[in-house]
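**Q** Before I ask anything, here is the structure I am working with.
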Amino acid sequence: MINDNIYKTYVFTDRNTNHWIHQLTVKKTPGIHELVKLTIQELTEKHSLPEQDIIVE
């Protein structure tokens, strides 16, 4: 069980297909947004998707 007060889970989906492509659970820290940006960058390379086609929820 993950404590929602300490950790945040992000789900990355493909905008075109609406398929889940990645899930990231990280500890809430001031640098969390940089980690999300880095994950998006890695996913664009891995899945050959433009950045605007990745939805983060």
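**Q** List the residue pairs whose Cβ atoms are under 8 Å apart, where the first residue sits in segment 30-57 and is in contact (Cβ under 8 Å) with a residue 40 or more places away in the chain, the second is open to solvent by 100 Å² or more (accessible area, probe 1.4 Å), and the two are 6 or more positions apart or on different chains.
**A** Ile54/Arg15; Ile55/Arg15
**Q** Which of the residues belonging to segment 2-36 are assigned to a loop (DSSP other than H, G, I, E, B) and either open to solvent by less than 80 Å² (accessible area, probe 1.4 Å) or on the phi > 0 side of the Ramachandran plot (or both)?
**A** Selection gives Asn3, Ile6, Thr17, Asn18, Thr29, Gly31.
**Q** Also, quick follow-up: Open to solvent by less than 40 Å² (accessible area, probe 1.4 Å), touching a helix residue (DSSP H, G or I) at 6+ places or on another chain (Cβ under 6 Å), part of a helix (DSSP H, G or I) and not hydrophobic (A, V, I, L, M, F, W, C): does that describe Thr39? Let's see the steps before the verdict.
**A** On the way: open to solvent by less than 40 Å² (accessible area, probe 1.4 Å): yes; touching a helix residue (DSSP H, G or I) at 6+ places or on another chain (Cβ under 6 Å): no; part of a helix (DSSP H, G or I): yes; not hydrophobic (A, V, I, L, M, F, W, C): yes.
Considered against the rule, which asks whether it is open to solvent by less than 40 Å² (accessible area, probe 1.4 Å), touching a helix residue (DSSP H, G or I) at 6+ places or on another chain (Cβ under 6 Å), part of a helix (DSSP H, G or I) and not hydrophobic (A, V, I, L, M, F, W, C), Thr39 comes out as no.
The values are calculated or read from the model by the stated rules, or taken from the named source; none is laboratory data. Values in this document were obtained by computation on a predicted structure and should not be read as measured data. In this analysis, Cβ positions are derived from the backbone assuming ideal geometry, glycine residues included, and neighbour counts consider all displayed protein chains. With ligands, DNA and RNA removed, areas are computed over all heavy atoms of the protein, side chains included. Shrake-Rupley method; radii C 1.70, N 1.55, O 1.52, S 1.80 Å.
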